[in-house]
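The structure appears right after this line, and notes come after that.
The values are calculated or read from the model by the stated rules, or taken from the named source; none is laboratory data. Remember, it's a predicted structure, so these values are computed and weren't measured experimentally. Cβ atoms come from the backbone with ideal geometry, glycine included; neighbour counts cover every protein chain shown.
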Ligand SMILES: CC(C)(COP(=O)(O)OP(=O)(O)OC[C@H]1O[C@@H](n2cnc3c(N)ncnc32)[C@H](O)[C@@H]1OP(=O)(O)O)[C@@H](O)C(=O)NCCC(=O)NCCS
């Protein structure tokens with residue numbers, strides 16, 4: 001049975017392995033390590049199966065000029081051998097709930113709308129929000145708490161740990 005839980009100190013290596021195995025390069029794994037080092041892993045959950053880490057999702061702070069702070073979902077990864085069984089969905093749903101519980105009112109992601117729309121994400125442009133990495137309709141937002149989306153929209157900025165990524169896909 002899959003258990004979704006916050007990362008522990010001794011999970012860092014296993015998380016790195018999942019990220020490296022899920023993306024073409026180590027960029028996402030490196031990003032997670034930078035975020036952790038900077039104290040910017042707002043929410044970091046792993047999916048465990050029989051004591052093994054098979055999935056991971058990270059959320060870190062994002063902000064708009066108005067000062068409103070939300071969270072950005074990036075990255076999310078599930079080992080190939082465990083995909084298409086709802087593990088990614090469990091990680092994302094638990095992660096969004098954890099961010100909401102921490103008081104964050106909104107979240108963004110840069111990723112495939114066909115996947116993320118099922119969690120309630122919609123094109124951020126419809127809410128007046130744009131992302132510093134572009135992405136068109138792939139840049140999506142969700143309101144976690146009613147009335148907490150940034151008033152008037154604006155440009156959403158990620159933390160500086162994202163600077164070396166060409167794109168911050170979810
Ligand atoms: C994106 C990713 C995290 C999704 O993980 P996942 O655990 O496979 O996600 P889910 O199981 O929740 O959903 C994936 C698909 O499985 C389907 N699915 C979910 N439960 C299922 C089940 N019990 N049986 C069969 N299919 C199922 C979902 O409907 C979905 O299908 P669709 O997207 O083709 O409509 C994973 O594919 C991954 O790590 N990709 C590489 C890294 C990456 O690209 N990250 C995201 C960047 S945007």
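Could you tell me which numbered condition residue 10 fails, if it satisfies all but one of (1) surrounded by fewer than 22 Cβ atoms within 10 Å (Cβ to Cβ); (2) more than 13 Å from the ligand (Cβ to nearest atom); (3) under 17 Å from the mean Cα position of the chain (by Cα)?
(3)
For the stretch 149-156, does any single residue satisfy the condition of being near the ligand (Cβ under 9 Å from one of its atoms) and surrounded by 19 or more Cβ atoms within 10 Å (Cβ to Cβ)?
So far as the stretch 149-156 goes, no, none of its residues is near the ligand (Cβ under 9 Å from one of its atoms) and surrounded by 19 or more Cβ atoms within 10 Å (Cβ to Cβ).
Taking the stretch 78-131 on its own, how many of its residues are within 16 Å of the ligand (Cβ to nearest atom), over 16 Å from residue 22 (Cβ atoms) and part of a loop (DSSP other than H, G, I, E, B)?
3
Kindly indicate whether residue 48 is touching a strand residue (DSSP E or B) at 6+ places or on another chain (Cβ under 7 Å), closer than 25 Å to residue 122 by Cβ, assigned to a strand (DSSP E or B) and modelled with pLDDT of 95 or more.
Taking the combined requirement at face value, the residue does not satisfy it.
Go over the candidates 58, 47 one by one and state the one that is farther than 14 Å from residue 73 by Cα and buried (at least 21 other Cβ atoms within 10 Å of the Cβ).
The match here is 47.
Of (1) under 21 Å from residue 31 (Cβ atoms); (2) at pLDDT below 95; (3) more than 14 Å from the chain's Cα centre (by Cα), residue 102 satisfies all except one. Which?
Failing condition for residue 102: (2).
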